[in-house]
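A short write-up of the structure that comes next.
The values are calculated or read from the model by the stated rules, or taken from the named source; none is laboratory data. Not measured: the values here are computed from a predicted model. Please note: Cβ atoms are built from the backbone with ideal geometry, for glycine as well, and neighbour counts cover all protein chains shown. For the accessible areas, the whole protein counts, side chains as well, though only heavy atoms, and no ligand, DNA or RNA atoms are used. Shrake-Rupley method; radii C 1.70, N 1.55, O 1.52, S 1.80 Å.
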Amino acid sequence: MDALDRVVKPKTKRAKRFLEKREPKLSENIKNAMLIKGGNANSTITQVLRDVYALKKPYGILYKKKNITRPFEDQTSLEFFSKKSDCSLFMFGSHNKKRPNNLVIGRMYDYHVLDMIELGIENFVSLKDIKNSKCPEGTKPMLIFAGDDFDVTEDYRRLKSLLIDFFRGPTVSNIRLAGLEYVLHFTALNGKIYFRSYKLLLKKSGCRTPRIELEEMGPSLDLVLRRTHLASDDLYKLSMKMPKALKPKKKKNISHDTFGTTYGRIHMQKQDLSKLQTRKMKGLKKRPAERKAEDEENKSKRIKKN
């Protein structure tokens, strides 16, 4: 049995609090990412990992030492680091003759690799090469995906889900307009993925809604898809399962349309419209002759019934 898999009983209150933080919860903590260098990482890969770490702060851990591992052949070291640092996302960078400037991005489920995708870097512009103002640490980005491949191809669909998981940041209930500070834009075109980062500038427009301008902030990456290791449909469905306690309880006679409008159905007893009190008008009053005719009809009906 692995040392990390043993049942650990806390001896101090501090250790007890630490273990309670790592226990399964109904609402999980914010997903952290670990950024790992391979045994033969070059300066480009090192700088890419630093820039991604700058975007992920404070929800990331950057390992500065080189780690000799191959994720597609042996995943035990990644699972070890994931359990040690409590990270469910990872990015691994390496460089060799067969696969130069290689990035592997993936995620974990129950401290085991769920799926990972290998990307090759063809062009890279660093954060420090673009001399513009940067966003503060911990800013939640807006994510934009352009290209039909993200909706049509299975590999690109999983890559889109993985990138959303990696860069989405904390879940928030309310959004402030001034808090929308930068955009991450992913474009799939001609077998390549273009990753761009822009800072959002709110300018005066003369009305309530400000005029928006985009200023490139960096980093900038041109990526190409290489190998993939995707989870089976059953495992993927299991990882997306929602606890029963978080599922909204169904309310009877309430429905919603595609735009989120709520409709309610009310059940009422059958109404006798003849007893309905309407507005009295002289023009609607019955004449004496009409009243006599009605009374005679009612009498004849009663006689027939008897």
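Scanning for something within 30 Å of residue 27 (Cα to Cα), in contact (Cβ under 8 Å) with a residue 60 or more places away in the chain, of a type in the set (Gly, Ala, Ser) and surrounded by 10 or more Cβ atoms within 10 Å (Cβ to Cβ), does region 205-228 turn up at least one residue? Can you show your working first?
Looking only at region 205-228, we keep the residues that are within 30 Å of residue 27 (Cα to Cα), and these are 228.
Now drop any that are not in contact (Cβ under 8 Å) with a residue 60 or more places away in the chain, which leaves 228.
Narrowing further to those that are of a type in the set (Gly, Ala, Ser): none.
The answer is no, given that none of the residues of region 205-228 is within 30 Å of residue 27 (Cα to Cα), in contact (Cβ under 8 Å) with a residue 60 or more places away in the chain, of a type in the set (Gly, Ala, Ser) and surrounded by 10 or more Cβ atoms within 10 Å (Cβ to Cβ).
Among the conditions (1) part of a helix (DSSP H, G or I); (2) surrounded by 20 or more Cβ atoms within 10 Å (Cβ to Cβ); (3) in contact with a Gly (Cβ under 9 Å, 6 or more places away or on another chain), residue 53 misses just one, which is (2). Please verify whether region 129-151 includes one or more residues that are among the aliphatic types (A, V, I, L, M) and more than 19 Å from the chain's Cα centre (by Cα). Scanning region 129-151 turns up at least one residue that is among the aliphatic types (A, V, I, L, M) and more than 19 Å from the chain's Cα centre (by Cα).
Quick one: would you say residue 83 is among the charged types (D, E, K, R) and closer than 20 Å to residue 30 by Cα? Here the answer is yes, as residue 83 does meet what is asked. Among the residues of region 149-175, those identified as open to solvent by 60 Å² or more (accessible area, probe 1.4 Å) and more than 27 Å from residue 138 (Cα to Cα) are 151, 152, 154. Only one entry of 96, 102 meets the criterion of being over 20 Å from residue 239 (Cα atoms), touching a Ser or Thr at 6+ places or on another chain (Cβ under 9 Å) and either surrounded by 21 or more Cβ atoms within 10 Å (Cβ to Cβ) or not hydrophobic (A, V, I, L, M, F, W, C) (or both), and that entry is 102. Listed by position, the strands (runs of 3 or more DSSP E) enclosed by region 197-306 include none that has at least 1 residues that are modelled with pLDDT under 80 and in contact with a helix residue (DSSP H, G or I) (Cβ under 6 Å, 6 or more places away or on another chain).
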